1. Would you please name the residue that is farthest from residue 73 (Cα to Cα), looking only at residues in the range 103-118 that are surrounded by 18 or more Cβ atoms within 10 Å (Cβ to Cβ) and among the hydrophobic types (A, V, I, L, M, F, W, C)?
2. Residue by residue through the range 15-33, note down the ones that are over 18 Å from residue 116 (Cβ atoms), in a helix (DSSP H, G or I) and of a type in the set (Gly, Ala, Ser).
3. I'm told residue 79 meets every condition in (1) in a helix (DSSP H, G or I); (2) surrounded by fewer than 17 Cβ atoms within 10 Å (Cβ to Cβ) except one. Can you identify the failing condition by its number?
4. Somewhere in the range 43-50, is a residue outside any helix (DSSP H, G or I) and at pLDDT 95 or above?
5. Considering only residues that are under 22 Å from residue 97 (Cα atoms) and surrounded by fewer than 17 Cβ atoms within 10 Å (Cβ to Cβ), look in the range 63-76 and name the one that is modelled with the lowest pLDDT.
6. Go through (1) more than 15 Å from residue 112 (Cα to Cα); (2) more than 14 Å from the chain's Cα centre (by Cα); (3) surrounded by 13 or more Cβ atoms within 10 Å (Cβ to Cβ) and name the single condition residue 46 misses.
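The values are calculated or read from the model by the stated rules, or taken from the named source; none is laboratory data. A quick note: this is a predicted structure, and the numbers were derived from the prediction, not measured. Because the Cβ atoms are built from the backbone with ideal geometry, glycine has one as well, and the counts that use them run over all protein chains shown.
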Amino acid sequence: MTSRQQSLEQERAADAWTAIEGVKGKDFEKKYKPLAAGSAADIQINGLGQTLAFWLAKANSKKPQRQYSVLYSHVSDWIARRLNKEGIEFPKNGLLEWLISTATTEQYRRATAEASAYLLWLKRFAEGHLEGELHERGD
């Protein structure tokens, strides 16, 4: 692994650690854990855009589920920072809208790969540091 790759992995890990620390003790902690643990697989199966749309639908439903909006924010904020570092201007209208209206195929692939890599760290830290069971997803 090159030092640039190692550094990027360290950045992902540090950001994911901070995100998980922000979830600890919250009323949705037990629901966030299985959601974070299964999210990379959701993206692989359904695609990034569809997964993000699902999270937003759950977050904005009649019975909002905060774990979805928080996970969306964690992933969206991380991808925005990564894309900006790579010279890709990320709009203020949000990750999902950017993916479906502006992103090129290559940018969409890049965002998907980055989300998946970031979610692996979220999963590891959620499994090790959050309360709750992995099967209590609460969809």
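1. If we filter the range 103-118 for residues that are surrounded by 18 or more Cβ atoms within 10 Å (Cβ to Cβ), which is where we start, we get 103, 111-112, 114-115, 118.
Those still in the list that are among the hydrophobic types (A, V, I, L, M, F, W, C) too: 103, 111, 115.
On the way: 103: 19, 111: 14, 115: 12 Å.
Within the range 103-118, the match that is farthest from residue 73 (Cα to Cα) is 103.
2. Answer for the range 15-33, where residues must be over 18 Å from residue 116 (Cβ atoms), in a helix (DSSP H, G or I) and of a type in the set (Gly, Ala, Ser): just 22.
3. Every listed condition holds for residue 79 apart from (2).
4. From the range 43-50, those outside any helix (DSSP H, G or I) are 47; that's our starting set.
Of the ones still in play, those that are also at pLDDT 95 or above are 47.
Yes, the range 43-50 has at least one match.
5. Just the residues of the range 63-76 that are under 22 Å from residue 97 (Cα atoms), to begin with: 64-76.
If we keep only those that are surrounded by fewer than 17 Cβ atoms within 10 Å (Cβ to Cβ) too, we end up with 64, 66, 69, 73.
Details: 64: 86, 66: 93, 69: 94, 73: 94.
Filtering the range 63-76 for residues that are under 22 Å from residue 97 (Cα atoms) and surrounded by fewer than 17 Cβ atoms within 10 Å (Cβ to Cβ), the one modelled with the lowest pLDDT comes out as 64.
6. Exception for residue 46: condition (1).
Here is a yes/no grid of residues against (1) small (Gly, Ala, Ser); (2) surrounded by 12 or more Cβ atoms within 10 Å (Cβ to Cβ); (3) more than 16 Å from residue 78 (Cβ to Cβ):
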| residue | (1), (2), (3) |
| --- | --- |
| 6 | no, no, yes |
| 12 | no, yes, no |
| 23 | no, yes, no |
| 26 | no, yes, yes |
| 41 | yes, yes, yes |
